[in-house]
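I have a structure I would like to understand better, so I am pasting it below and will then ask my questions one at a time.
All of the numbers you see were taken from the coordinates with simple rules; none came from a lab. On a predicted model such as this, the values are computed, not experimentally measured, just so you know. Counting neighbours? That spans all protein chains shown, and the Cβs are built from the backbone with ideal geometry, glycine included.
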Amino acid sequence: MLKRNGEDCEHPVPNYPGLLTASEFKAYNVAVPLVAEEVRLFNERATTLSEIEKQSAGTAEQVTSQMARDLPSLTVKGKPESEWKIRHVLMKSARSEMLLCSRDHEGEQQFGVVEKIDPKSPFARVHGDTDLQMTGNNAFVLLQNYVESERSVLQLFRKDIEATVEEKLSEKFPSQNHSRVVRAISARCETQAPVESEKENPAKSVKIRM
Amino acid sequence: MLGLDYFTVYNLVQRGKLKACRALRGKFLITRAELDRLLNTE
């Protein structure tokens, strides 16, 4: 059996291909509940993004062919202010909603992803309760770009989960190397997005003309 | 303090609207001054 630091590598853990030693396994079991909520949020978001991606062709076709005349609308603060029709709810959480919207712009239909946040939040009081995140003239391409952008946000979140585990374990088990435990915990984040997709540069709004 | 969802904050960081730095172990830190800036602008 493979040994590390004199200990047998004998403990399998979910989604991680390696085996942990008894010390690592002990640290792993300490760390799991510390970031359980964050891992749950990560996986919930990753699943929602996969659903959006799977349904993006159908959603795009639906919003492109449908008339927007009688749909509810929202105003995006900015220079200039813009009025958008709400076409589809992409995702919803307690404090925010991601909406696929459209408007007539220079004779063409323009699509946009707008985040609607809690209007009572301190942020919304200053910046308004709507945030136009990206725009494009092709709803399908816009949805693909949105999913890609959200996946890179998820990778930032994942890095933070890893950092939290490293920090907590260093306090509790200061003499151990926690790199494998951190990777094993990170493997509980069942993202379909490749880790190398993390982007250092902030995403800019996407304008696609077809 | 901002009253936002976790992912909204990460999204703001990713888009450069909120400045964050990484601490020694790689954890994101947002300074109080940066939060004040965000809540006092415009």
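Determine the relative contact order of region A:3-192: mean sequence separation of Cα pairs under 8 Å and six or more apart, normalised by residue count, in whole percent.
Values: 262 pairs, mean separation 48.9, N = 190.
It comes to 26 percent, rounded to a whole number.
One-quarter of the Cα convex hull surface for region A:1-81, in nm²? Walk me through the numbers on the way to the answer.
Values: hull surface 42.8 nm².
Its average projected convex-hull area is 10.7 nm².
Nearest 500 deg cm²/dmol is fine: what mean residue ellipticity at 222 nm does chain A get from its DSSP H runs of n ≥ 4 alone, each adding -39,500 (n - 2.57), divided by its residue count? Provide the component values of the computation, followed by the final result.
Details: 5 runs with 91 residues, N = 210.
After summing the helix terms and dividing by the residues of chain A, the value is -14500 deg cm²/dmol.
How big is the gap, in Å, between the Cα center of region A:127-197 and the Cα center of region A:1-76?
For region A:127-197 versus region A:1-76, the Cα centre distance is 9 Å.
Continuing with the same structure: Calculate the tail of P(r) for region A:32-74: the fraction of all Cα-Cα distances greater than 17 Å, expressed in %.
Values: 515 of 903 pairs.
Above the 17 Å cut-off, region A:32-74 has 57 percent of its Cα pairs.
Here's another thing I want to ask about it. Quick one: helix A:36-65 against the long Cα principal axis of chain A, what's the angle to the nearest 10°, folded into 0 to 90?
30
Check A:M134: other-chain or 5+ apart residues with amide H under 5 Å from its amide H, H built from backbone geometry?
Long-range HN contacts for A:M134: A:V113.
Give me the net charge for the shell around A:M1: Cβ to Cβ below 9 angstrom, other residues only, Lys and Arg +1, Asp and Glu -1. Could the numbers behind the result be given before it?
Numbers: positive: A:K3; negative: A:D8, A:E10.
Summing Lys and Arg as +1 and Asp and Glu as -1 gives -1.
Now for a separate question. Could you tell me the calculated FRET efficiency between B:E34 and A:A36, based on Cβ-Cβ distance and R0 = 22 angstrom, to the nearest 0.05? Let's see the in-between values first.
Working: r = 29 Å, r/R0 = 1.31.
FRET efficiency, B:E34 to A:A36: 0.15.
By how many degrees, between 0 and 90 and to the nearest 10, does the Cα long axis of helix A:139-172 differ from the longest principal axis of chain A?
Value to nearest ten degrees: 30.
Could you state the per residue volume, in Å³, of the convex hull enclosing the Cα atoms of chain B?
Working: hull volume 3.3 nm³, N = 42.
About 77 Å³ per residue, rounded to a whole number.
Of chain A, which part is the longest with no trypsin sites (Lys or Arg not before Pro) in a loop (DSSP not H, G, I, E, B) and with at most 12 other C-beta atoms within 10 angstrom?
Numbers: sites that count: A:R69, A:K120, A:K204, A:K207, A:R209.
The longest such stretch corresponds to A:121-203.
Under a crude label model (7 Å from the Cα following the beta-carbon direction), how far is B:L24 from A:L2 in nanometres?
Going by the 7 Å Cα→Cβ label model, 3.0 nm.
Step through the residues of region A:88-93 one at a time and calculate ³J(HN,Hα) from phi using the Karplus curve (6.51 cos²θ - 1.76 cosθ + 1.60, θ = phi - 60°), rounding each to whole Hz and writing x for Gly and Pro.
7, 8, 7, 7, 9, 10
What residue among A:S152, A:S56, A:S170 has the largest mean-square fluctuation in a Gaussian network model of chain A, using Cα springs under 10 Å?
Result: A:S170 has the largest fluctuation of those listed.
Here is a further query. Starting from 0.36 nm per residue, how many nanometres of slack lie between A:E10 and A:S73 once their C-alpha separation is accounted for?
On the way: separation 63, 0.36 × 63 = 22.68 nm, distance 5.78 nm.
Using 0.36 nm per residue and subtracting the Cα-Cα distance, I get 16.9 nm.
Amide H of A:L90 versus every other amide H placed in the peptide plane: which residues, excluding those fewer than 5 positions away on the same chain, fall under 5 Å?
So A:L90 has HN proximity to A:M98, A:L99, A:L100.
Under a crude label model (7 Å from the Cα following the beta-carbon direction), how far is A:E61 from A:K26 in nanometres?
5.8
So, with +1 on the Cβ of K and R and -1 on the Cβ of D and E, and no other charges, what is the size of the charge dipole of the protein assembly as shown about its Cα centre, to the nearest 20 debye?
Values: 37 positive and 36 negative charges, 91 e Å.
That gives the protein assembly as shown a dipole magnitude of about 440 debye.
Where the Cα atoms of region A:1-144 are projected onto their three principal axes, how long is each span, largest first, in whole Å?
71, 36, 22
Calculate the spin-label point distance for A:S179 paired with A:V126, positioning each point 7 Å from the Cα along the beta-carbon direction, and give it in nanometres.
Taking the simple label geometry, A:V126 and A:S179 are separated by 4.0 nm.
A further question on this structure: Over the Cα atoms, compute the radius of gyration (one decimal) and Dmax (the largest Cα-Cα distance, rounded to a whole number) for the protein assembly as shown, in Å.
21.1, 72
Between B:M1 and B:K17, what length comes free when the chain is fully extended (0.36 nm per residue of separation minus the Cα-Cα distance, one decimal in nm)? Could the numbers behind the result be given before it?
On the way: separation 16, 0.36 × 16 = 5.76 nm, distance 1.61 nm.
That pair, B:M1 and B:K17, stretches by 4.1 nm at full extension.
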